[in-house]
Amino acid sequence: SAPIVCPLAVMVRIGQQQAPSELSTLEDKGSPGRQGVCPRFRRLGAACTPLVPMLLLSACAFLLSVQRLVADIVIAGGMAPFEVAAFSTVCAWPWFFAAQLLRRCWREREARRRQRVACGGSSVALPEEMLPGLLVEFLGDRQRVPWLFIRALSGFGGLSFTYLALSSLDLGDATALFMTCPLYAAVLGACLLREPFLAHDALGLAIGIGGAILIARPGFLFGGSSLDLAGVAFALTAAISTAFVFISLRKLGPHGTLPTNFLVVSHHKCLHGAWLSLAGLWLSGQRFVWPSGLRLWGLLASLGVLEFMILSVLTFGAGREKASFAAAMRLWDVVFSFLWQRFLLHQAVPQTSVVGAGLVSSAMLFTMAMKWLRSRPMQRSYGKLQDSRAPHGVADVIGAREAKLKELEGQVSP
């Protein structure tokens, strides 16, 4: 049971998104013997914090490439694409349900502990207003449900129109059109969320899209037949739908107007994705094939685990980063797919793909470096402020603790 519980416990701890109690903060800041270590770790953490969402989104692109590799094996075994999507979301749902149950138990435990501290250590009943109801905890309130559905519907639209485009276009042409998603995300983010889009952001995005085009080698640029207009429309619609995914995640993120826990957002996507995929299977006329054999069921179970990890990492990272940056990090997916093609499938790789992979990697690293450089002045001011507030010496620590205890006693006494 340990390999199953440990990843869920890590996700639940990340999903708390709550500040620690003031008393524990004072204890951490004022522990004797750590006066020279804590400020350094605080500065290092402040320096790395701006890059965490981008690193998570890069990891999401890696997981997406692995998921696509496993899905191709399952589809080659005779299952329809929409059926594979439905099975992956159904297999991921128990993980999200268990994670939210653990999160609920953890929040209830923390609320009881804080209630005991406020009441002087006596055991009292937990007020109902300290924790929301189970439906609100698992599915969100009425104000957030429309945007949660938009996130699920746009994700399904991106997947559906991708399959439709691949049925009318070559893989290289469709991939090149899909890679325009960061452009739409930047425009929609500037119009709907008023996110800034600077010149070096546009430069990194242009280099990354150019590298992706070199890897995909579309026929309309490198010589080939003319494109089907319906396939082009499907591919562009898939790119716009995916851009709306990042817009909705940004709005539901901690810096948006409707901050929502990332487990709730991912749970909604999983619930709606199952029935939407089955509806797409019926509308597209694809045949449902019940999987048989332990190998196929094992691959489907691994797709569920990958779906759980991808949705969690994507929601957590995209909610804390600009929509254009979050969409641009998906360009790593093309590079990872190129690596699987070369080293796992042992297929021949042209020189243009090598140059394109280098351009995409350079563009993403350039974007991350510019993000880090812009955040350095804020990091310095934050570090100086934290150092000035931190108590130094045992006497200061004891005084701060006594003042906090007197404050709590004054709140409890009539």
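The values are calculated or read from the model by the stated rules, or taken from the named source; none is laboratory data. Computed from a predicted model, the values in this text were never measured in an experiment. When we count neighbours, we look across all protein chains shown, and the Cβ atoms used for this are built from the backbone with ideal geometry, even at glycine. Protein only, heavy atoms only, side chains kept; ligands, DNA and RNA dropped before computing areas. Shrake-Rupley method; radii C 1.70, N 1.55, O 1.52, S 1.80 Å.
So here's what we get for this one:
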read-out	value
Any helices (runs of 4 or more DSSP H) falling wholly within the range 171-258 and containing at least 1 residues that are more than 19 Å from Ala357 (Cα to Cα)	181-192, 199-216, 219-222, 229-252
Residues that are acidic (Asp, Glu) and either surrounded by 19 or more Cβ atoms within 10 Å (Cβ to Cβ) or modelled with pLDDT under 70 (or both), drawn from the range 118-155	Glu128, Glu129, Glu137
Selection from the range 156-170 of residues that are among the small types (Gly, Ala, Ser), surrounded by fewer than 23 Cβ atoms within 10 Å (Cβ to Cβ) and not in a loop (DSSP other than H, G, I, E, B)	Gly157, Gly158
Among the residues listed as Leu263, Leu252, Leu294, the single one being open to solvent by 10 Å² or more (accessible area, probe 1.4 Å) and of a type in the set (A, V, I, L, M, F, W, C)	Leu294
Residues being farther than 24 Å from Phe97 by Cα and in contact (Cβ under 8 Å) with a residue 60 or more places away in the chain - total across the range 268-286	4
Selection status of Ser324, open to solvent by less than 10 Å² (accessible area, probe 1.4 Å) and closer than 23 Å to Ile310 by Cα	yes
Residue list for the range 262-283, restricted to those being in contact with a helix residue (DSSP H, G or I) (Cβ under 6 Å, 6 or more places away or on another chain) and either more than 21 Å from Val90 (Cα to Cα) or small (Gly, Ala, Ser) (or both)	Ser266, Gly273, Ala274, Ser277, Gly280
